[in-house]
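Beneath this line is the structure, given in structure tokens, with notes to follow.
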Amino acid sequence: MKQIITSILLILQASYSLNGQSIMRDTTDNHQSYLPEITVVGRSSSNDYQQMPEIVGTAIYAGKKNSLIIVDNVLGNKVTNTMRQVLAKVPGIHIWESDGSGIQIGIASRGLSPNRSWEFNVKQNGYDIAADPFGYPEAYYNPQMQAVQRLEIVRGQSALQYGPQIGGLINYILKDGNHLSKAFNIESEQTIGSNGLINTFNAIGGKTTKLHYYGFYDHRAADGYRANSRYQTGTFFGTVTYNIAPKTQLSLEGTKWSMLSQQPGGLTDHQLYHDSKISYRSRNWMQLDWKIGAMTLAHTWKERNKLQLKIFVMHADRNSVGFVPSGGILIADTLNKTIGTFNPRTIDIDRYINYGAESKWLQDIKLGGKRHILTAGLKIYQGQTDRWRGGRENGSGLDFTIEKNPANAWNGVIDYHTFNAAIYAESVLKLGTKLLIIPGFRSEYLAGEASGSSGLKDNTPIPLIARSKSRSFTLFGLSGEYHLGNLEAYGGIHQSYRPIQFADLTTPPTSDELDPNLKDSKAITADLGVRGDLVKGLRVDAGVYQMKYQNRIGTIRQQRLDGTFYNYRTNIGASTSVGFECLLEWNIQKSTKEHYEAEWIPFISYAYNHATYDKLKITTQIGNQIKETILNGNKIENAPTHILRTGIEFKSGPIKAQAGYSYTSSMYTDANNTIIPTANAQNGVIPAYHITDLSLQYKFKKYISLKGGVNNLTNEVYFTRRAGGYPGPGALPADGRSVWLSLSFIW
């Protein structure tokens, strides 16, 4: 045991240079790689898509289905966060494109919901940025892509180190100055585009012996593709890292982000295909404000023995106002001539105050003549959400002042509290020179509670039945890698979970009831694949998977003994997703012995996903009777069977160009698999759609470049989402053809 828990690190190691940085390779296994500085990842290559190294900082990625996007190398519209271009080479990513501003990013995979990426654990620099990752995991804030150095994407196997959600991890790593070589640098990019787009991105940063720093301001505004869809957003970010000692670093960073956007609402299918730019809602607005602070203390005492402490705090607001009637888009937002005012709008306000601390430890261990890796961590999180729902007013402007709306004006005033404590550990065990086995576990305690009022009766608030739920559980996982030349086979099976949400704790007492035995949703995900170079210049990442999603939460209609009806919130069933994901990328120049000035790099990213329900219970009220149906084999909503993205890149001297094509097959939007769209456009098939994009870059000098492109070249009329409420209701059109042009320099 002493040999296991004692750190024995010999200086027997080979290293190779990466732009002046040193990356260690274990001399006992030439396949295992480590990155002591996470900010150097990807700097040695012009590729935009790479694999995560097996060890990065204090995190283990060996054996996991993962993708690494080097954002600086992406040739696409990063100004408006066009994710179908940024993530073009990540197979199976389903993207909601109902927000052309790029503010609200919605992505998912393997049959999960893309709603504000809430099935992913969304982080910035390793800390949580969603509203509440346990009770309300919607990612309203997403970093500006021009400031992002890389995106780390890990599928469901990430749950052991990072916790929920079932979809996996999205980690935005922002620039921090460590990528720079001078003490002072200026970066600026100015963009104009269709629909009144104006963007200015300006940054300063630098690096010295003792510290590195980076800060930027970004402002973006546009009228939007549709009527009533103008927006503006602004972001301040700053970070500084100081070397307290040769092996000890302290980093401080802060983010201030604000956004105001007009929401044009949804359309019926007929309206959308007649004129996708039209809007019948001019009084719907959303306002967001995010403030985040973080501190990271890192110490390395024997190269690969590391300790990291990260503390973060987030204060944020989410405000919306709009006319969203229960009758849907068919109810016009008109001036009521009798009372001389508009129809009443609904005001919803959230305030988030979240705190968290996480300590991670990475230990290099010698055992049985081999050198293994162990990582372990402890995380504490506390969140508070104050929510005001259903305020009413008849104006057309913006006023989210809570004090001007007395308590009896709200349909609900609720306080939510979340507490989470978790311990976890994973280990990379070497069996021979080619095989790695990675076992791990995560043990959690999670508690949530809600209190306040849930509605009005005779102008008097109805007290909410105070609810709380606490539980403990443990997740397990096992992965492996086998190395053979330039290829590696990987696979594993892991548990993950999706916690009970705030909405599940606050059912309206007069019409709904909550199952006292409601359980968190859980999943088991298995992956098996191969990745690496088939031959020189031809890269592959292909694999199959199965995901069993259990304890899905939903609402069914029930009848009491006295004959009255109510909605019952409970676990209603399960689902299974089975599929295949593959990326092929061919650098033709590298595959030939001849030297060519130009590089041609075609790629194809394809995913097949068969996602169906297993014994899902639904009910329908017909008069005074309840009809119960068990759905078995129905397709999961918002889960396309086929997602294809392909294209070709061209590089020659100062010129870079890319043409991309994206195809997404049709999908259902409800568990009943309704085909013909309903009159209010809230249910029905979403037809298949295909998009073509072009991008071009020319470098005049080393530090000056001109970039531009055309999104949706063929002006396809399509939509990716049907909304039942805000920001709809109805079908939400995607943007048509648009052009953008950027001039940037780095000095």
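Remarks
- Dipole magnitude of the stretch 480-606 about its Cα centre (Cβ charges: Lys, Arg +1; Asp, Glu -1), debye to nearest 20: 360
- Protection proxy ranking of 612-624, 471-483, 348-360, by the mean of other Cβ atoms within 10 Å over each peptide's residues and highest first, is 348-360, 471-483, 612-624.
- For the stretch 561-654, the Kirkwood estimate of hydrodynamic radius, built from reciprocal distances between every pair of different alpha carbons, is 18.2 Å.
- Average projection, convex hull of the Cα set of the stretch 529-609: 8.2 square nanometres.
- Qualifying lysines (Cα of each under 27 Å from Cα of Lys182; at least 8 residues distant if same chain): Lys78, Lys207, Lys210, Lys247, Lys256, Lys656, Lys699, Lys701, Lys702, Lys707
- Only Lys, Arg, Asp and Glu carry charge here, each on its Cβ (+1 for the first two, -1 for the last two); on that basis the chain has a dipole of about 1120 debye about its Cα centre.
- DSSP bridge orientation in the chain - percent antiparallel, rounded to nearest 5: 95
- Max-minus-min Cα coordinates of the stretch 606-723 on each principal axis give 75, 28, 23 Å, with the largest extent listed first.
- Per residue, the convex hull volume that the Cα atoms of the stretch 143-238 enclose (Å³): 135
- Principal axes of the stretch 191-284: Cα extent on each, largest first, Å: 66, 22, 21
- For the stretch 284-297, Karplus couplings with θ = phi - 60° (6.51, -1.76, 1.60), whole Hz, Gly/Pro x: 9, 9, 10, 10, 10, 8, 10, 10, 10, x, 8, 10, 10, 10
- Radius of gyration, Dmax [the stretch 287-347; alpha carbons; angstrom]: 25.0, 78
- Taken over the stretch 45-179, the alpha-carbon convex hull comes to 105 cubic angstrom per residue.
- Per-residue packing, averaged as other Cβ atoms within 10 Å, sorts the ranges 566-576, 241-251 into the order 566-576, 241-251, beginning with the highest.
- For the stretch 312-393, the calculated P(r) over all alpha carbon pairs, in 10 Å bins from 0 to the bin holding the longest distance, is 14, 23, 18, 14, 12, 9, 7, 3, 1 percent.
- Pairwise Cα separations in the stretch 358-471 fall into 10 Å bins from 0 onward with the following percentages, short to long: 12, 25, 18, 15, 13, 10, 7, 1.
- Packing, as the average of other Cβ atoms within 10 Å across residues, places the peptides 500-507, 709-716 in the order 500-507, 709-716, highest first.
- Linear extension gain, Thr714 paired with Phe745, 0.36 nm per residue minus alpha-carbon span: 8.1 nm
- Pairs of alpha carbons in the chain whose separation is greater than 39 Å (percent): 35
- 5 angstrom amide H check on Val324, placed H, neighbours 5+ away: Thr346
- Relative counts (whole %) of C-alpha pair distances in the stretch 141-186, using bins that are 10 Å wide: 24, 36, 26, 12, 1
- Counting only DSSP H runs of at least 4 residues, each contributing -39500 (n - 2.57), and dividing by the residue count of the chain, the helix-based mean residue ellipticity at 222 nm comes to -500 deg cm²/dmol.
Laboratory data are not the source of any read-out in this text; all were calculated from the coordinates shown. Only a predicted model underlies this, so the values are computations on that prediction, with no experimental measurement involved. No Cβ is skipped: glycine too gets one built from the backbone with ideal geometry, and neighbour counts run over all protein chains shown.
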